[in-house]
Each structure stands twice: as C-alpha cells, then as structure tokens.
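These notes concern the structure reproduced below.
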C-alpha cells in the first residue's frame, strides 16, 4: 500500500520537527561547551545524534511506503541559556511537545486505518517515554542542586558518562 498523502505530509512535518530537535540540542551542546561544561555538552551531542536518527527513521519510512520526502526550512534555535537548569527545563518542555506531535500522528494513522504507520509510531511512543523520563530526572537533580558549583560539576561529570 502506498502511503496516503495526508500521512506523508504529516510525517514530512515530523521530519522537520525532529531536525529542529537535533538543531536545538546541537545549539545547547555548543553553548555549554563554551561554558566548559563538557559533560553536558556531551549529553546534548548524543541527543543531537538521536534526533537525527529519529528524523532518518521517518525519512526512510516515507520512501519505503512509496512517498516523497519534502524537506522544509529548519527554524533556528536560540543559542544561549542562563543555566543548565534553564536548558533542561526547555529540554523537558520540548520533549513533552514532541510527545504531543507523535500522539497526533498516531491519531491520524488510526483515523486513516494506516496500520503500518501505527506500527512505526509505536516505537516513537515508547521512545518518548524514555526521552521525557531522562529529561525529568536531570531537571529534578538540577532543582535539588540549585546553584551549588560542586553539585553542577558532579552532575556535569555524570552527564559526560553518557555514551
């Protein structure tokens, strides 16, 4: 079955959203690298790669279903954050937004009786549970740490362990 035009357009929009996510995390990595928080920069770089992988998963799916990938401009993210806590608050809010986008795609696939797209989206639904949880855990640690330089350095070290 060829992908419906409605689903194809929605997934092309999601490719853009995933690329924006990647761009956002790359901007965060660059910012925290200049602040010598190299562990945080590492965490954001890995997140950048994951978001690119997500975009490519959608890209390949559209092509496999006989659809045309149409790429749009990627909005530029901001480039500075007052603190690591502010950045992770944005990460958490952003991941909640992405979850909403995935849920909207799932509703569309269900209403279109597109079981193949539902199957693909199940992976993304599960992935978003992990994305939200990771952001929430780090954000809660930052709230506990507050402005403790030692705490921030310890968390930065922990973030640097991510592979």
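Structure summary
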read-out	value
Filter result for residue 87 (at pLDDT 95 or above, out of contact with any strand residue (DSSP E or B) (no Cβ under 7 Å at 6 or more places or on another chain), closer than 26 Å to residue 133 by Cα and crowded, with 18+ Cβ neighbours inside 10 Å)	yes
Subset of the range 42-60 that is under 17 Å from residue 90 (Cβ atoms) and crowded, with 21+ Cβ neighbours inside 10 Å - its residue that is farthest from the chain's Cα centre (by Cα)	43
Matching entry among 132, 161, 127, 95 (being surrounded by 14 or more Cβ atoms within 10 Å (Cβ to Cβ), more than 23 Å from residue 82 (Cα to Cα) and modelled with pLDDT of 95 or more)	127
Tally of residues being within 18 Å of the chain's Cα centre (by Cα) and loosely packed, with under 13 Cβ neighbours inside 10 Å across the range 61-79	7
Hits in the range 18-71 (condition: at positive phi and touching a residue at least 40 places away in the same chain (Cβ under 8 Å))	66
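The values are calculated or read from the model by the stated rules, or taken from the named source; none is laboratory data. None of the values given here were measured: they were computed from a predicted structure. Heads up, the Cβs are rebuilt from the backbone with ideal geometry, glycines too, and the neighbour counts pull from every protein chain shown.
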